[in-house]
Amino acid sequence: MLTFDIPYRNQNMFRRLFFPLIVLTLSVSSCSLNKEFLFKTDEDFVFDVPVIDSSSIDYKIQPHDELSFDLYTNEGAMMLEFTTSSAESPKYGISSSFTYHVNSAGFVEFPVIGERKLIGMTVQQAQDFLEAEYTYQFNKPYAVMKVLNRRAVVFNAPVGSGTVIPLENEGISIIEAIALAGGGGKNGDVSNIKVIRKVGEKQEVYLLDLSTIDGIKYANMSVEAGDIIYVTPTRQLGREIIADVQPYVTIMSGLSIVYGVFSRVF
């Protein structure tokens, strides 16, 4: 009787443990689904209304910006000579070989004139200001300035794909930034694009739908420095469940094999 009773008890024990283990496996795997998704919002979250004509909003110099700065005399005549000369002289480039840092108080230290406060100025205002400051040392100064560290971040599908987009030119649109990042990506939901933008002391969140032709008005919205553009990935629940459960299934299969071996022995 003993030889037949042991396998029977083992079978009951295995049956009692097998199904709870399956339930535990599924519950553990479900807890890890979609944990890599960013910027989740509640169903009743109220999104802000984007400013479509934001291309008219000029960037204002902020602390810790990096600037290029070139100064020419005689209202920039030498710059024109560089660009029109047939000789192999170096042409005027996009940025200077020197960079100038805006400190935390908004001051920049320039040659000859020393520290000047530029925080809160647009690039055009800063150029006009510096031309006036250099008037006493140079004949009809012509200033050219550019902010070098303006950038936005685009997250697209698959989850974890992110690209930093340098905003080298004014007026780069949302659709251009997404294109520079490789598009919406595989399994990206272009009807659910979130744009996070700092406006004053507030973080505004816009919801854009580029899946229809009506969304073209949002596609042409200009990107501003510091923007976060998030193309929400579609949920691949079946694939994720299989990927999460597969290690546990492997363990259960191993346990089944071990149980089969021991049941034959006893």
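We did not get these values from a lab; they are worked out from the coordinates using the rules stated. In this text the structure is predicted, and so the values were computed from the model without any measurement. Every residue, glycine as well, gets a Cβ built from its backbone with ideal geometry; the counts of neighbours run over all protein chains shown.
Points to keep in mind about this one:
- Peptides 224-232, 206-214 ranked from most to least packed by the mean count of surrounding Cβ atoms within 10 Å: 224-232, 206-214.
- Summed residue charge, Cβ within 12 Å of Arg197's Cβ, Lys/Arg positive, Asp/Glu negative: -1
- Given Lys194/Lys217; Lys40/Lys60; Lys117/Lys140; Lys146/Lys194; Lys40/Lys146, the pairs whose alpha carbons are separated by over 25 Å: Lys40/Lys60; Lys146/Lys194; Lys40/Lys146
- The smallest convex shape that holds all Cα atoms of the range 151-233, its convex hull, gives 84 Å³ per residue.
- Toward the positive end of the charge dipole of the range 151-233, with +1 on the Cβ of Lys and Arg and -1 on the Cβ of Asp and Glu, the farthest Cα among Leu208, Ala177, Ser161 is that of Ser161.
- Positive contributions from Lys and Arg (+1) and negative ones from Asp and Glu (-1), summed over other residues with Cβ under 13 Å from the Cβ of Phe69, come out at -4.
- Relative packing of peptides 142-155, 107-120 - highest average C-beta neighbours within 10 Å first: 142-155, 107-120
- Ranked list, fewest to most other Cβ atoms within 10 Å of each Cβ, for Tyr218, Tyr136: Tyr136, Tyr218
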